[in-house]
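Asker: Once you've had a glance at the structure underneath, I'll fire off some questions.
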Amino acid sequence: MVKKKRLRLIAEMARKIRAYRELKSRPRESQKFSLDYDTMRRPLTGKMLPVLAWPDVRRESRLFSLLAGMRLFGVGRMFTRKSWLEEHAEPSYWEISRVKVDYTAENMDHGKAWGVLTYKGKQESEVKEVEKVMYHDWRLIPRHMEQKFKDFEPLPEPPSRSVPYPPLLRAMLLAQRSKAEGSAVAEEPVLPLKRDVLLSKDYFQKQEQERQRKEGTAV
């Protein structure tokens, strides 16, 4: 006869209460990312921001600092980042579709946002949560420039820089892979036409030592 499992209702209820209290005691986003602009430290953790970030923190804005002062919290508008404008020639931006504001935060300048990301001129197909909303480099794209960002046509993909292996060498590689992995290999091996070599200081030192060894020391 199978022994019935004993239900421990009190222990289960105590576990749920502990999990609920732990969830409620977690710091909110507004507490976690709050910043003392005089000392450049976060009051919750006491950590200081990197010195290189201080100019942007004083001049630029976080995403929700911009959304809080807009109609419908910026839903339907496009936002980009200073780092994207400086690093990429192609347009990169978020088109906001949904916003969840933390109403307990001062000035309601914290929360979560969702939208469609266009990165380096390539638009993604699904809506996802906006990343790094607490960074101080967000910028609103004006209405008269939105169409310019949308009309950008990405450059075509570069041509393939690889060729298939010769039949005999291809068969040897596939047999070696299948023996190592224990199953059939579906990926087709290709031979790259260009080899990327990382030249370091040690590389040049070895080249100089090899040259001296071959030529010998001058008398």
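The values are calculated or read from the model by the stated rules, or taken from the named source; none is laboratory data. Since the structure is predicted, the reported quantities are computational estimates derived from the model, not experimental observations. When we count neighbours, we look across all protein chains shown, and the Cβ atoms used for this are built from the backbone with ideal geometry, even at glycine. To get the accessible areas, we keep the full protein, side chains included, count just its heavy atoms, and leave off ligands, DNA and RNA. Shrake-Rupley method; radii C 1.70, N 1.55, O 1.52, S 1.80 Å.
Asker: Answer with one residue from VAL133, SER61, TYR37: the one whose Cα lies farthest towards the positive end of the charge dipole of region 1-144, charges on Cβ with Lys, Arg +1 and Asp, Glu -1.
Answerer: The Cα lying farthest towards the positive end belongs to VAL133.
Asker: 222 nm [θ] for the chain, helices only, -39500 (n - 2.57) per DSSP H run of 4+, per residue, to 500?
Answerer: Working: 8 runs with 76 residues, N = 219.
Only helices count here, giving -10000 deg cm²/dmol.
Asker: What's the longest bit of the chain with no exposed GluC sites (Glu not before Pro), using DSSP loop states and at most 12 other Cβ atoms within 10 Å as the test?
Answerer: The segment 1-123 is the longest one with no such site.
Asker: Using only alpha carbon pairs under 8 Å that are at least six residues apart, calculate the relative contact order of the chain and give it in whole percent.
Answerer: Working: 234 pairs, mean separation 32.4, N = 219.
Over the chain, the number comes to 15 percent.
Asker: Something else now. Fully extended, how many nm does the chain gain between LYS100 and ASP202 (0.36 nm per residue separation, minus their Cα-Cα distance)?
Answerer: Values: separation 102, 0.36 × 102 = 36.72 nm, distance 5.27 nm.
Extra length from LYS100 to ASP202 when fully extended: 31.4 nm.
Asker: I'd like to check one number: the per residue accessible area of region 11-140, probe 1.4 Å, reported in Å² as a whole number.
Answerer: Here the residues of region 11-140 average 66 Å² of exposed surface.
Asker: I would also like to ask the following. For region 1-107, with all protein chains present and a 1.4 Å probe, just round the carbon and sulfur fraction of the accessible area to a whole percent. Could you put the intermediate results ahead of the total?
Answerer: Details: 4540 of 8370 Å².
Whole-percent figure for carbon plus sulfur exposure: 54.
Asker: I'm spelling it out carefully: the read-out is volume of the Cα convex hull per residue in Å³, the candidates are [x] 154; [y] 127; [z] 410, and one was derived from this structure. Which label?
Answerer: [z]
Asker: What length, rounded to one decimal in nm, is gained on full extension from ALA19 through to THR45, with 0.36 nm per residue of separation minus their alpha-carbon distance?
Answerer: That works out to 7.1 nm of additional length.
Asker: Could you state the per residue volume, in Å³, of the convex hull enclosing the Cα atoms of region 59-116? Could the numbers behind the result be given before it?
Answerer: Numbers: hull volume 4.8 nm³, N = 58.
Hull volume over Cα atoms, normalised by residue count, gives 83 Å³.
Asker: What ranking of ARG98, ARG58, ARG8, ARG42 comes out by heavy-atom accessible area, probe 1.4 Å, highest first?
Answerer: Working: ARG98 125, ARG58 150, ARG8 170, ARG42 45 Å².
In descending accessible area the options line up as ARG8, ARG58, ARG98, ARG42.
Asker: Charges on Cβ only, +1 for Lys and Arg, -1 for Asp and Glu, centred on the Cα centroid of the chain; of ASN107, ALA11, PRO158, which one is farthest towards the dipole's positive end?
Answerer: ALA11
Asker: Another one. Using 0.36 nm per residue, how much length does the chain from GLN147 to SER34 gain when fully extended, once their Cα-Cα distance is taken away?
Answerer: Here the segment from GLN147 to SER34 would lengthen by 37.2 nm.
Asker: Also, I was wondering about something else. With +1 on each Lys and Arg Cβ and -1 on each Asp and Glu Cβ, and nothing else charged, work out how big the dipole of region 65-114 is about its Cα centre, in Debye to the nearest 20. Numbers along the way, then the final one.
Answerer: On the way: 7 positive and 7 negative charges, 49 e Å.
Result for region 65-114 is approximately 240 debye, rounded to the nearest 20.
Asker: Could I ask something else about it? How far is helix 201-215 tilted off the main Cα axis of the chain, in degrees rounded to 10, range 0 to 90?
Answerer: 10 degrees
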